[in-house]
Amino acid sequence: MKSVRVYQFGGLEALENEDVAVPDPGEGEARVKIEAIGVNFIDIYHRIGRYQGSLPLTLGQEAAGIVDAVGPNVTDVKIGDRVAYASVQGAYAEYAITPVWRLVPVPTQVDAQHAAAVMLQGMTAHYLTHGTYPLKAGETALVHAAGGGTGQLLVQIAKRRGARIIGTASTEEKAALAREAGADEVILYTQTDFEVEVKRLTNNKGVDVVYDSVGKDTFDKSLNCLRRRGYMVLYGQSSGSVPPVDPQTLNAKGSLFLTRPFLQHYTADRAELLSRVNDLFTWIAAGELKVRIDKTFPLADVAEAHRYLESRQSKGKIILIP
């Protein structure tokens, strides 16, 4: 089968397209014939070595497809089931072995591309708004990169909670996508100082929570946008890692809370996993959650997919097709 592996951390040249043997599932595992693969920033972090796994490493943590083999004593899924998964390494391939408890059934109303597209980003948006900082009606959230793939889902789900959303975006096109998702205000941060504008929009009170996937470029000013005892939720670092923070800074700026959450800690067992993903699939099937697929690439063109994501031009989900 075809797979994409990394033998040494680095740039796009580190991506190796190669033929490997089709693996067999073991106890508690199933083999999935992959139909669609989600591309995420965490894949880039693994490729460049920011998150170091053991080498060689097959990239990818999210996919949807059909179960085509099961291991001994597996009863929760059967051959032919439509499934999707996230947070399992090795999705950049034609087949993948996955722990059965991580596989979720995909309803007939949701196709494979949309199922793959929503697993990591959708569950991230869900846990951020329902778990990390459970938004309440009438609260105000600042959402960075609100026109991106995760940002659009985060805005939509936050609006379902009854929150007021101030989004940031880098271009007019992305600002329009953020507004389409439901953002009440969108700040074009390439033209306007978002800290100054947030303070104006909140009458200097500040927002209840900042959801920040950008990191280095936005972190310091994001802290200044928070109300007293507000929550800084740093869930990504597309612009680079945030330097070490002196805890006294959180005190000085209003007894702030800072957290760096991780999806696997919010899908730690099957009940929690199914609860989140079933919400997402129900909303998609009902037309209440729009998942924008920006571009699809053949698996062989994985370098172009990474190049596009790294350019921060993406306006939705990027999908690889084996």
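The values are calculated or read from the model by the stated rules, or taken from the named source; none is laboratory data. The structure displayed is predicted, hence computed values, not measured ones. Counting neighbours? That spans all protein chains shown, and the Cβs are built from the backbone with ideal geometry, glycine included. SASA here: full protein model, heavy atoms, side chains in, ligands and nucleic acids out. Shrake-Rupley method; radii C 1.70, N 1.55, O 1.52, S 1.80 Å.
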- Yes/no for VAL32 being farther than 18 Å from VAL104 by Cα and in contact with a strand residue (DSSP E or B) (Cβ under 6 Å, 6 or more places away or on another chain): no
- Single residue of the range 245-276 satisfying the filter (closer than 16 Å to THR129 by Cβ, touching a helix residue (DSSP H, G or I) at 6+ places or on another chain (Cβ under 6 Å) and part of a helix (DSSP H, G or I)) that is most open to solvent (accessible area, probe 1.4 Å): TYR266
- Of the residues in the range 207-218, those that are open to solvent by 10 Å² or more (accessible area, probe 1.4 Å) and farther than 13 Å from GLY167 by Cα come to ASP208, LYS216, ASP217
- Note on the structure: Taking the range 305-316 and keeping residues modelled with pLDDT of 95 or more and touching a strand residue (DSSP E or B) at 6+ places or on another chain (Cβ under 6 Å) leaves ALA305
- Message: For the range 36-74, give me each residue that is open to solvent by 10 Å² or more (accessible area, probe 1.4 Å) and outside any loop (DSSP other than H, G, I, E, B).
- Response: PHE41, ILE42, TYR45, HIS46, ILE48, LEU57, THR58, ILE66, ASP68, ALA69, VAL70
- Index of the failed condition, ILE165 passing every other in (1) open to solvent by 20 Å² or more (accessible area, probe 1.4 Å); (2) free of Cβ contacts under 8 Å to residues at least 60 places away in the same chain; (3) touching a helix residue (DSSP H, G or I) at 6+ places or on another chain (Cβ under 7 Å): (1)
- Note on the structure: The residue that is farthest from the chain's Cα centre (by Cα), considering only those in the range 83-116 that are assigned to a helix (DSSP H, G or I) and surrounded by fewer than 20 Cβ atoms within 10 Å (Cβ to Cβ), is TRP101
- Return the residue satisfying two criteria in turn: it lies in the range 284-293 and is touching a residue at least 24 places away in the same chain (Cβ under 8 Å) and hydrophobic (A, V, I, L, M, F, W, C), and of such residues it is least open to solvent (accessible area, probe 1.4 Å). LEU289
- Item | Subset of the range 297-321 (residues that are touching a helix residue (DSSP H, G or I) at 6+ places or on another chain (Cβ under 7 Å) and either farther than 22 Å from GLU180 by Cα or of a type in the set (Phe, Trp, Tyr) (or both)) | PHE297, ALA303, HIS306, ARG307, GLU310, LEU320, ILE321
- Does the range 174-195 hold any residues that are under 23 Å from TYR235 (Cα atoms) and of a type in the set (Val, Ile, Thr), and which are they? VAL186, ILE187, THR190
- Among the residues of the range 170-200, which ones are surrounded by 14 or more Cβ atoms within 10 Å (Cβ to Cβ) and modelled with pLDDT under 95? SER170, THR171, LYS174, TYR189
- Being surrounded by fewer than 16 Cβ atoms within 10 Å (Cβ to Cβ) and either part of a strand (DSSP E or B) or more than 16 Å from the chain's Cα centre (by Cα) (or both) is the filter here, so list the residues in the range 294-312 that pass it. PRO298, ALA300, ASP301, GLU304, ARG307, SER311
- Message: I'm trying to understand the selection: among the residues of the range 136-157, which are in contact (Cβ under 8 Å) with a residue 40 or more places away in the chain and assigned to a helix (DSSP H, G or I)?
- Response: GLY149, THR150, GLY151, GLN152, LEU153, LEU154, GLN156, ILE157
- Item | Positions within the range 21-41 being without any contact (Cβ under 8 Å) to a residue 60 or more places away in the chain and of a type in the set (A, V, I, L, M, F, W, C), in sequence order | ALA21
